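The structure under discussion appears below in the form of structure tokens.
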Amino acid sequence: MHTPHAPVRAELTGAVLRELREVKPLLADKTVSPHRHGIPGTTAATALEEVATRVDPDLGYRLFLRLLRVLSVPLAEEQYARYQALGEEFGYGECHVCDRVEQFVRNG
């Protein structure tokens, strides 16, 4: 039985790309899997830009949130609020964003 997929939310591509590009400089000194064949954080972010643009902004955003968690990227409160709002636009549940990045929000 074929399960229908949700339509691609292409109108949210720009919002996902803005968030990725804003954080990208913070990833310059970070590496995904540094003990194996490490991938520079900025390279990972560039790949996610491609995913958001060429495949699905929702998938790109979900992977972006995961990357932030894996690399323990510090976030400002206003960034976190934007991430929550964008998650709502995608129809994420109440804690989809908070489960991934809330612990990295800096107060003040």
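Please determine whether any residue of segment 86-99 is of a type in the set (A, V, I, L, M) and either modelled with pLDDT of 95 or more or within 11 Å of the chain's Cα centre (by Cα) (or both). The answer is yes; a qualifying residue exists. Looking only at segment 5-37, residues that are loosely packed, with under 13 Cβ neighbours inside 10 Å and on the phi < 0 side of the Ramachandran plot come to 16 in all. Contact map, segment 65-77: first residue touching a residue at least 24 places away in the same chain (Cβ under 8 Å) and under 11 Å from residue 26 (Cβ atoms), second residue basic (Lys, Arg) and outside any helix (DSSP H, G or I), Cβ cut-off under 8 Å, separation 6 or more or different chains; pairs are 71/30; 73/30; 74/106; 75/106; 76/106. Any chance segment 1-17 includes a residue that's in a helix (DSSP H, G or I) and in contact with a strand residue (DSSP E or B) (Cβ under 8 Å, 6 or more places away or on another chain)? Scanning segment 1-17, I find no residue that is in a helix (DSSP H, G or I) and in contact with a strand residue (DSSP E or B) (Cβ under 8 Å, 6 or more places away or on another chain), so the answer is no.
Here is a yes/no grid of residues against (1) charged (D, E, K, R); (2) at pLDDT 95 or above; (3) over 19 Å from residue 106 (Cα atoms):
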residue	(1), (2), (3)
36	yes, no, yes
42	no, yes, yes
47	no, yes, yes
70	no, no, no
73	no, no, no
78	yes, no, no
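The values are calculated or read from the model by the stated rules, or taken from the named source; none is laboratory data. Note that this is a predicted model, so its numbers are computed, not measured. Ideal geometry is used to build each Cβ from the backbone, glycine not excepted, and the neighbour counts take in all protein chains shown.
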